[in-house]
Amino acid sequence: DTGVSQNPRHKITKRGQNVTFRCDPISEHNRLYWYRQTLGQGPEFLTYFQNEAQLEKSRLLSDRFSAERPKGSFSTLEIQRTEQGDSAMYLCASRGDSRETQYFGPGTRLLVL
Amino acid sequence: DAKTTQPPSMDCAEGRAANLPCNHSTISGNEYVYWYRQIHSQGPQYIIHGLKNNETNEMASLIITEDRKSSTLILPHATLRDTAVYYCIVRVAVDAGKSTFGDGTTLTVKP
């Protein structure tokens with residue numbers, strides 16, 4: 001069990017560019033979550049997968065955001081046409097069937113210039 | 001989801017117990033109390049959770065009042081490495097992953 005990993009850890013991009021982040025959950029965890037965290041605030045739920053199915057999306061997830069989990073293992077979060085307001089830490093977490101707790105990754109910090 | 005209220009910041013002396021309060025007066029009968037912490041620049045870390053009974057693990061103790069409207073997280077012997085933001089969340093267990101955290105309590109452990 002190597003924990004949840006996220007790549008890249010840091011990303012700087014120019015406004016209008018597209019970015020993609022990757023999350024590798026703990027193996028055999030079928031539940032995967034994405035969160036966004038802005039400076040000084042707690043994490044905000046974005047979306048949730050159970051296996052490959054995206055079961056819930058927060059209203060925070062605008063049309064420019066898309067998440068996938070094609071094989072029920074790793075997941076990607078893409079932001080199209082980035083805006084300065086997208087600057088934040090993007091966190092991924094996973095949870096197994098028999099567990100009630102989540103394990104978070106280290107996050108990807110995005111800065112949009 | 002029930003909302004939670006936490007003090008924005010607290011200090012604690014190293015080696016002493018840290019008692020972090022959380023109010024959740026609108027909690028429903030099937031909602032659990034979860035505690036996480038986040039050390040600077042890291043992802044949140046699960047600490048403990050409970051429904052109505054007090055809970056203890058290797059990290060902390062959770063005391064839930066009889067009416068379940070508030071709880072206290074206790075770190076029995078705080079160390080400098082316990083300096084972090086502590087989040088109290090209330091959620092039904094099946095939805096436990098879809099939590100939006102509040103602003104939490106910044107605990108500073110001082111030597």
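The values are calculated or read from the model by the stated rules, or taken from the named source; none is laboratory data. Keep in mind it's a predicted model, so treat the numbers as computed, not measured. Note that each Cβ is placed from the backbone with ideal geometry, even for glycine, and that neighbours are counted across all protein chains shown.
Per-structure values
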| read-out | value |
| --- | --- |
| Unique residue being aliphatic (A, V, I, L, M) and either touching a Ser or Thr at 6+ places or on another chain (Cβ under 6 Å) or at pLDDT below 90 (or both) when the list is A:55, A:91, A:113, A:60 | A:60 |
| When residues of segment B:80-111 are limited to those that are in contact with a strand residue (DSSP E or B) (Cβ under 7 Å, 6 or more places away or on another chain) and at pLDDT below 80, the one surrounded by the fewest Cβ atoms within 10 Å (Cβ to Cβ) | B:93 |
| So residue B:15, is it surrounded by fewer than 20 Cβ atoms within 10 Å (Cβ to Cβ) and at pLDDT 95 or above | yes |
| Identity of the residue in segment B:71-111, assigned to a loop (DSSP other than H, G, I, E, B) and more than 14 Å from every other protein chain (Cβ to nearest Cβ), that ends up farthest from the chain's Cα centre (by Cα) | B:111 |
| Subset tally (residues that are within 14 Å of another protein chain (Cβ to nearest Cβ) and of a type in the set (D, E, K, R)) for segment B:11-57 | 3 |
| Inter-residue pairs, beta-carbon under 9 Å, first hydroxyl-bearing (Ser, Thr, Tyr) and in segment A:1-12, second in a loop (DSSP other than H, G, I, E, B), 6+ apart | A:2/A:26; A:2/A:27; A:5/A:25; A:5/A:105; A:5/A:106 |
| Those residues of segment B:1-12 which are among the polar types (S, T, N, Q) and either in contact with a Leu (Cβ under 8 Å, 6 or more places away or on another chain) or surrounded by fewer than 15 Cβ atoms within 10 Å (Cβ to Cβ) (or both), in sequence order | B:5, B:6, B:9 |
| Residue pairs meeting the criteria (Cβ under 8 Å; at least 6 apart or on separate chains; first under 11 Å from residue A:102 (Cβ atoms), in segment B:93-107; second in a loop (DSSP other than H, G, I, E, B) and modelled with pLDDT under 85) | B:96/A:100; B:96/A:101; B:99/B:1 |
| Residue A:39, sole failed condition from (1) within 23 Å of residue A:113 (Cα to Cα); (2) surrounded by 12 or more Cβ atoms within 10 Å (Cβ to Cβ); (3) within 14 Å of another protein chain (Cβ to nearest Cβ) | (2) |
| Matching residues, segment A:1-22, being buried (at least 17 other Cβ atoms within 10 Å of the Cβ) and either touching a helix residue (DSSP H, G or I) at 6+ places or on another chain (Cβ under 8 Å) or within 11 Å of chain B (Cβ to nearest Cβ) (or both) | A:4, A:6 |
| Set B:69, B:52: member being on the phi < 0 side of the Ramachandran plot and either in contact with a Phe, Trp or Tyr (Cβ under 6 Å, 6 or more places away or on another chain) or free of Cβ contacts under 8 Å to residues at least 24 places away in the same chain (or both) | B:52 |
| Looking only at segment A:47-60, and only at residues there that are aliphatic (A, V, I, L, M) and under 17 Å from residue B:94 (Cα atoms), the one that is nearest to the other protein chains (Cβ to nearest Cβ) | A:55 |
